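A.B. asks: Submitted below is the structure of interest, expressed as structure tokens.
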Amino acid sequence: MTDTTPPAAAPIAAPITPPIASPDARRGRLAPDADDARFVRRVGIVVLLIALASALYRMGDLLILAFGAILGAIAIHALAELYRDWLRFSARLSLGAGIASVLALIGFLFWLFGIQFGAQVNALVTQLPGLLAQLSRWLSQTPMGAKLVSAVNSAYAGSKVARDLSGLVLGGGELVLNFLLLLVGALFLAADPGVYERGFLLLVPPSKRAAVDDALLDAAATLKLWLRAQLIQMTTMGVLIGLGLWIAGVPSAAALGLLAGLSEFIPYVGPTAAMLPALGLAATAGTGPVLGTLATYALVRVVQSNFITPFVTNRVISIPPAITLFAILGISAVFGVFGLFFSAALLVVIFTLVRSLYLREVLGEDIPHAERPAPLR
């Protein structure tokens, strides 16, 4: 018999389905491994730091004005503490007396330059361009002097300080506005500095806040002592230079002495720049006043460097002179003329923060903490 049973159908193969990955596996299919992730994170941090540095560089004028306001607030609180400790004023009265003292000092300087020494300052400003041109012609008579004049002109023409000075000459209103912003900012900061300090510390990770708070306290305490030392040096410099120029018979000796005293706020660069107009005015009176001017500045510099500065400044903070000079030039190159004016104070802050944050907190050096003063409330 023939088998009529139909052949059995071939079994249908089951569809091939990919294995179902776990949720953790699905999330990590395109994720980089640990080393790549670490590299990407570091690249992102570097890019962020470069962008932040570029933004800060473009905001240089604003930042240096803010630093000047902080410096003014510290000066106000230093005066307020003197009133509180010496005259036993209340906290609020001490703060008001400190603000009034700063405003009175600013008004006194304006009165000196505008009224008391107004004629002398006008004569100095009027004759200064001609005197500088005369000095340039005199130096250009020799090959070495000609090269020096050319180098100075080239360096000055391309510098940020030159552009800022030109802007100040053309825009005196902007200078006054910046000064008012600095003054108002200093008054606001002095009125309640704790608000701004707490706000800044909130931006710091909690584990690092105590170290940053101590470093800020160190910087503020060092700046207070440095300001007192600067006041002593500026006063002695102005008085000695003024007396020496008056004895030498230099015109506008009082105004030049005041200018020399104020220029002491910028170490090395300031006194050297203040000597140039004194030499120029002395040249209009003859050879004797010129020699007397040179002798005055040389003698006062010897007295200042060997007796006054070591006594009042080295007890506060001792920065090597070479570092001070190049740091001032570098700060002025970045921030311009306003940076040049606050360069010494900014260097003091940088030096103090390096000691506090790096040497003490990172390397573990035995560097004492500043004592926290009683708040003015």
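A.B. asks: Go through (1) closer than 23 Å to A322 by Cα; (2) in contact with a His (Cβ under 6 Å, 6 or more places away or on another chain); (3) not aromatic (F, W, Y) and name the single condition D214 misses.
C.D. replies: The number of the failed condition is (1).
A.B. asks: Based on what the data block shows, is G288 open to solvent by less than 20 Å² (accessible area, probe 1.4 Å), part of a helix (DSSP H, G or I) and not hydrophobic (A, V, I, L, M, F, W, C)? Quick ask: steps written out before the conclusion?
C.D. replies: Numbers: open to solvent by less than 20 Å² (accessible area, probe 1.4 Å): no; part of a helix (DSSP H, G or I): yes; not hydrophobic (A, V, I, L, M, F, W, C): yes.
Criteria not met by G288.
A.B. asks: Residue by residue through region 319-377, note down the ones that are over 28 Å from S207 (Cα atoms), among the β-branched types (V, I, T) and open to solvent by 40 Å² or more (accessible area, probe 1.4 Å).
C.D. replies: Scanning region 319-377 gives I323, V334.
A.B. asks: A further question follows. Mind checking which helices (runs of 4 or more DSSP H) fall wholly inside region 135-240 and carry at least 1 residues that are modelled with pLDDT of 80 or more and open to solvent by less than 80 Å² (accessible area, probe 1.4 Å)? I'd like the intermediate steps shown before the answer.
C.D. replies: On the way: elements: 143-157, 160-170, 172-191, 193-202.
It comes to 172-191, 193-202.
Residues checked against (1) closer than 30 Å to D214 by Cα; (2) without any contact (Cβ under 8 Å) to a residue 24 or more places away in the chain; (3) hydrophobic (A, V, I, L, M, F, W, C):
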position: A253; (1), (2), (3): no, yes, yes
position: G257; (1), (2), (3): no, yes, no
position: I266; (1), (2), (3): yes, no, yes
position: P271; (1), (2), (3): no, no, no
position: Y297; (1), (2), (3): no, no, no
position: T309; (1), (2), (3): yes, no, no
position: V337; (1), (2), (3): no, no, yes
position: S343; (1), (2), (3): yes, no, no
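A.B. asks: Within region 262-273, identify whether any single residue is surrounded by 18 or more Cβ atoms within 10 Å (Cβ to Cβ), under 23 Å from the mean Cα position of the chain (by Cα) and of a type in the set (G, A, S), and answer yes or no.
C.D. replies: Yes: region 262-273 contains one or more residues that are surrounded by 18 or more Cβ atoms within 10 Å (Cβ to Cβ), under 23 Å from the mean Cα position of the chain (by Cα) and of a type in the set (G, A, S).
A.B. asks: What number of residues within region 115-128 are modelled with pLDDT of 70 or more and either surrounded by fewer than 11 Cβ atoms within 10 Å (Cβ to Cβ) or among the aromatic types (F, W, Y) (or both)?
C.D. replies: Final tally of qualifying residues: 2.
A.B. asks: Suppose the filter is charged (D, E, K, R), part of a helix (DSSP H, G or I) and touching a residue at least 24 places away in the same chain (Cβ under 8 Å); does R355 pass it? Outline the logic, then answer.
C.D. replies: Numbers: charged (D, E, K, R): yes; part of a helix (DSSP H, G or I): yes; touching a residue at least 24 places away in the same chain (Cβ under 8 Å): yes.
Taking the combined requirement at face value, the residue satisfies it.
A.B. asks: Residues to consider are A25, A37, A31; find the one that is modelled with pLDDT under 80, in a loop (DSSP other than H, G, I, E, B), open to solvent by less than 70 Å² (accessible area, probe 1.4 Å) and more than 30 Å from L231 (Cα to Cα). Reasoning before the result, please.
C.D. replies: Numbers: A25 fails: in a loop (DSSP other than H, G, I, E, B); A37 fails: in a loop (DSSP other than H, G, I, E, B).
Unique residue meeting the criteria: A31.
A.B. asks: Just wondering, is there one or more residues in region 297-313 that are open to solvent by less than 30 Å² (accessible area, probe 1.4 Å), out of contact with any His (no Cβ under 6 Å at 6 or more places or on another chain) and closer than 24 Å to A133 by Cα?
C.D. replies: yes
A.B. asks: Would region 316-323 turn up any residue that is in a helix (DSSP H, G or I) and within 22 Å of G238 (Cα to Cα)?
C.D. replies: Restricting attention to region 316-323, the residues satisfying the condition of being in a helix (DSSP H, G or I) are 321-323.
Restricting the remaining residues to those that are within 22 Å of G238 (Cα to Cα) gives 321.
Taking every residue of region 316-323 in turn, at least one turns out to be in a helix (DSSP H, G or I) and within 22 Å of G238 (Cα to Cα).
A.B. asks: Still on this model: Mind checking which residues of region 62-96 are open to solvent by 80 Å² or more (accessible area, probe 1.4 Å), assigned to a helix (DSSP H, G or I) and farther than 22 Å from A229 by Cα?
C.D. replies: L62, R92, L93
The values are calculated or read from the model by the stated rules, or taken from the named source; none is laboratory data. A quick note: this is a predicted structure, and the numbers were derived from the prediction, not measured. In this analysis, Cβ positions are derived from the backbone assuming ideal geometry, glycine residues included, and neighbour counts consider all displayed protein chains. Side chains are part of the model used for accessible areas, which takes the heavy atoms of the whole protein and leaves out ligands, DNA and RNA. Shrake-Rupley method; radii C 1.70, N 1.55, O 1.52, S 1.80 Å.
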